[in-house]
Amino acid sequence: TDSAPAMGDLQGVHVLVTAGGTREPIDPVRFIGNRSSGRQGVALATAAAERGAKVVLLAANIDESVLAAAERPGVRTVRVSTTAELEQAAHAASAGAEVILMAAAVADYRVAEVSDRKIRKEDAPGEAPSIVLTENPDILVSLVKAQRPGQVIVGFAAETVEDEEELLERGRRKLARKGVDLLAVNAVGWREGFESGENTLHVLDSDGELVRVASGTKREAADALLDAVVEELEGGPH
Ligand code: CTP
Ligand code: CA
């Protein structure tokens, strides 16, 4: 559903959005995943396209009913599943992108040895198997390493915290580790953040300054974050 008319402040700007959550296979029928629905990323892709951007949306395991909202001229959707697939697709698309919005929830670890057939209980009766994990590459850090002049890179962080002070403190530490231009931090818990339609993004710039509190529907939060991105494109320090 198109609501607001295109504001056009991202006219012709190439935007890469990653969204959803990566999955790491254990065996042919099982995976390790996370609860990211992809709604915030889809809202970002949709909002950017309505503001005139040419969007590539890398969709990691997003439900088709959620993804349908992004179906419009100006958005090219590529479906991926594992972190390795997302990494490859992100690097392929990043070269042509002036803006990168890394909204996907990326699995920090993958299964060290994926079983090529289903793990069965009768393989080891009465014993719970242990799954050995290995660390995934940090896609965002590698995109920042390859950053081109003028390119704006935005990271996202979902944190379980007690209060806003802890949220910002964690956000600032993560910002320093990632080297991004903007970091959008949001509080999550067992209920908030994932399946819900509403969101609050605390947007920090590269100095750790809180430049926006983007709140409301995921679409409203997306538009407020894009306002901060436009400011970065216009004159942020690069
Ligand atoms: N990210 C990434 N590659 C990874 C892990 C995270 O690109 N392997 C990106 C996410 O897409 C997000 C940002 O990094 O934009 C922050 O993710 P987050 O999971 O909050 O950060 P981590 O460094 O993994 O720290 P944590 O221990 O809190 O999970
Ligand atoms: Ca992580």
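The values are calculated or read from the model by the stated rules, or taken from the named source; none is laboratory data. In this text the structure is predicted, and so the values were computed from the model without any measurement. Cβ atoms come from the backbone with ideal geometry, glycine included; neighbour counts cover every protein chain shown. To get the accessible areas, we keep the full protein, side chains included, count just its heavy atoms, and leave off ligands, DNA and RNA. Shrake-Rupley method; radii C 1.70, N 1.55, O 1.52, S 1.80 Å.
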Legend entry - Proximal lysines relative to LYS178, as straight alpha-carbon distance under 16 Å, when same-chain residues fewer than 8 apart are discounted: LYS145
Inset, instruction - Can you pull a Stokes-Einstein diffusion coefficient for segment 195-236 at 4 °C (1.567 mPa s), Rh from Kirkwood over Cα pairs, as a whole number of µm²/s? - result: 122
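Reported to two decimal places, what Rg/Rh ratio describes segment 54-111 when computed on Cα atoms with Rh from the Kirkwood expression?
On the way: Rg = 11.8 Å, Rh = 12.3 Å.
Result for segment 54-111 is an Rg/Rh of 0.96.
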Legend entry - Mean accessible surface per residue for segment 50-137, computed with a 1.4 Å probe while every protein chain stays in place, in Å²: 58
Inset, instruction - Mind grabbing the base-10 log of I(q)/I(0) for segment 106-170 at q = 0.12, 0.14, 0.25, 0.30 Å⁻¹? Debye formula, identical points on the C-alpha positions, no solvent, two decimal places. - result: -0.63, -0.74, -1.11, -1.22
Inset, instruction - Using a 10 angstrom cutoff on alpha carbons, build the Gaussian network for the chain and name the most mobile of PRO129, PRO28, PRO149. - result: PRO129
Inset, instruction - Taking H placed 1.01 Å from N in the peptide plane, check which residues at least 5 places from VAL55 or on another chain put their amide H under 5 Å from its amide H. - result: VAL15, VAL75, ARG76
Legend entry - P(r) histogram, all alpha-carbon pairs of segment 1-69 included - 10 Å bins from 0, percent: 21, 41, 25, 9, 3
Legend entry - Cα-based Rg and Dmax for segment 1-120, where Dmax is the largest Cα-Cα distance (Å): 15.6, 55
Inset, instruction - Just tell me which lysines come within less than 22 Å, Cα to Cα, of LYS54; anything on the same chain fewer than 8 places away is out. - result: LYS218
Legend entry - Mean Cβ count within 10 Å, highest first, over the residues of peptides 91-101, 54-64, 71-81: 54-64, 91-101, 71-81
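Per residue, how big is the convex hull of segment 88-141 when only Cα atoms are used? Give it in Å³. Don't jump to the answer; show the numbers that get you there.
On the way: hull volume 5.8 nm³, N = 54.
Roughly 107 Å³ of hull volume per residue.
Suppose all protein chains stay in the model; what accessible area per residue would a 1.4 Å probe give for segment 143-234, in Å²?
Working: 4670 Å² over 92 residues.
With all protein chains present, segment 143-234 gives 51 Å² per residue.
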Legend entry - Reciprocal mean inverse distance between Cα atoms of the chain - Kirkwood radius, Å: 18.4
Legend entry - Fraction in percent of alpha-carbon pairs per bin - 10 Å, segment 133-212: 18, 44, 32, 6
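Rounded to the nearest percent, how much of the accessible area of the chain (1.4 Å probe, protein heavy atoms only) is carbon and sulfur? The partial results should precede the final answer.
Details: 6160 of 12380 Å².
Percent of accessible area from carbon and sulfur atoms in the chain: 50.
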Legend entry - Farthest toward positive dipole pole in the chain [+1 Lys/Arg, -1 Asp/Glu at C-beta], among VAL78, VAL17, VAL66: VAL78
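Counting other Cβ atoms within 10 Å, keep those with at most 13, restrict to DSSP loop, and tell me which GluC sites (Glu not before Pro) in segment 130-169 are left.
Details: sites: GLU135, GLU159, GLU162, GLU164, GLU165, GLU166, GLU169; in loops: GLU162.
Passing sites in segment 130-169 are GLU162.
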Inset, instruction - Tally the DSSP beta bridges in segment 112-238 and give the antiparallel ones as a percent, rounded to 5. - result: 65
